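The values are calculated or read from the model by the stated rules, or taken from the named source; none is laboratory data. It should be emphasised that the depicted structure is a prediction, and the values quoted were computed from it without experimental measurement. Neighbour counts are summed over all protein chains in view; Cβ atoms, including those assigned to glycine, are modelled from backbone coordinates with ideal geometry. Heavy atoms of the whole protein, side chains included, go into the accessibility calculation; ligands, DNA and RNA do not. Shrake-Rupley method; radii C 1.70, N 1.55, O 1.52, S 1.80 Å.
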Amino acid sequence: MFTEFYSAPEILSPIIRRYNIQELDVNSNEIIFPALTQNFIIFQYGDIYDIKTRDSNIIKGYRVMVNGCITSPFRFIQNKFKIRCIVVELQPAAFYRLFGTTIKHPVNSSYDVQKLLPDSSDILNALIELSTHEKRIKLLNDYFRNLLKDHDQSNDNNIGHMMHLINEFDKGMTIEELIDNKLSTRHFRRLFKRVFGIAPKLYIRILRLERVLSDFHHDIDLDYLSKIYCFSDQSHFIRECRKFTGRTPRQILKDFQDIHNRNLHNNLA
């Protein structure tokens, strides 16, 4: 079992954060995954699997699929299967950049990419035939370069500015303080939901916890209080942790001590 990461070239960096090649065997559907802000395009050459959120949303798996952020904890539906895939980890707002508003943002859902992106079935077949991961990554780089060559960049500056504002939340600012009267709060919320699929307040709550969980993943340290930031106090952090992970902080840290669980939570790496 392994997980390997490959960086995207600079020309693709506005859309693609990195590539993640996964070959993992799953033998239990008891593992709980936290809510996430990330979006992915996944090319699967192993088993196809579905997931179910705590809110009972079923997110279907496809041979080539794209999924958006997930706003509650989730788990696998199937009990045993083999993950064999290349995950294209998208940058925030990449889904909007790729598809605009022509289709609904896949929050708590997924789309069959073979119906959205040209030649994606052929790309998957080619990925299966190639002998090394390096060749697979090169093929994907070429594919996305070609896909984005006619990309309309007219909205990129606005999206970049919006991401800059969101990153400022580390300072504990409110949404009203973030936008600094440069546009109305109502307009900002509407624009944000169009680009990211969910309301800014919910996105920030998930992202804030996601960053702490990423720290946990990098440094398994039961003294978790030293890693809490942007939470008003310990009880606030624990409440948010339970809501978006279904687990306490100490349970999560213990989960991460298992290398199999750490590999399955590789999006936090």
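Which shape class applies to segment 185-269: rounded if a/c is under 1.5, otherwise prolate when a/b exceeds b/c and oblate if not, where a ≥ b ≥ c are the square roots of the Cα gyration tensor eigenvalues?
prolate
Could I have the simple spin-label model distance between Arg239 and Arg211, label points 7 Å from Cα toward Cβ, reported in nm to one decimal?
In this crude label model, Arg239 to Arg211 measures out at 2.1 nm.
What nm value, rounded to one decimal, do you get for the distance between Lys254 and Glu129 when each label is placed 7 Å out toward the C-beta?
With each label placed 7 Å out from Cα toward Cβ, I get 5.0 nm.
Going down the table (Lys80/Lys135; Lys115/Lys138; Lys115/Lys135; Lys52/Lys80; Lys80/Lys243), which pairs top 19 Å between alpha carbons?
Exceeds cut-off: Lys80/Lys135; Lys115/Lys138; Lys115/Lys135; Lys80/Lys243.
Determine the shape class of segment 1-140: with a ≥ b ≥ c the square roots of the Cα gyration tensor eigenvalues, call it rounded for a/c under 1.5, and otherwise prolate if a/b is greater than b/c, oblate otherwise.
oblate
Give me the percent of accessible area attributable to carbon and sulfur for the chain, probe 1.4 angstrom.
C and S fraction of accessible area: 47 percent.
Between segment 182-204 and segment 86-120, how many Å separate their Cα centres?
For segment 182-204 versus segment 86-120, the Cα centre distance is 19 Å.
Obtain the nm distance between the two label points defined at Leu191 and Arg145 by a simple spin-label model: each point lies 7 Å from its Cα along the Cα-to-C-beta direction.
Roughly 3.3 nm, to one decimal.
Over the chain, average the accessible area per residue using a 1.4 Å probe and give it in Å², no decimals.
49 Å²
What net charge do the residues around Pro73 carry, taking every other residue with its C-beta under 15 Å from that of Pro73, with Lys and Arg at +1 and Asp and Glu at -1?
Taking every other residue near Pro73 into account, the sum is +3.
Could you pull out the trypsin sites (Lys or Arg not before Pro) across segment 94-149 that fall in loop regions by DSSP (anything but H, G, I, E, B) with no more than 16 other Cβ atoms inside 10 Å?
When the trypsin sites (Lys or Arg not before Pro) of segment 94-149 are filtered for loop state and at most 16 Cβ neighbours within 10 Å, Lys104, Lys149 remain.
Taking Cα pairs under 8 Å and at least six residues apart, what relative contact order does the chain come out at, in percent? Display every interim value, and only then the final one.
On the way: 419 pairs, mean separation 53.6, N = 269.
Value for the chain: 20 percent.
Which value at 222 nm does the chain reach when only helices count, each DSSP H run of 4 or more adding -39,500 (n - 2.57), with the total divided by all residues and rounded to the nearest 500 deg cm²/dmol?
-12000 deg cm²/dmol
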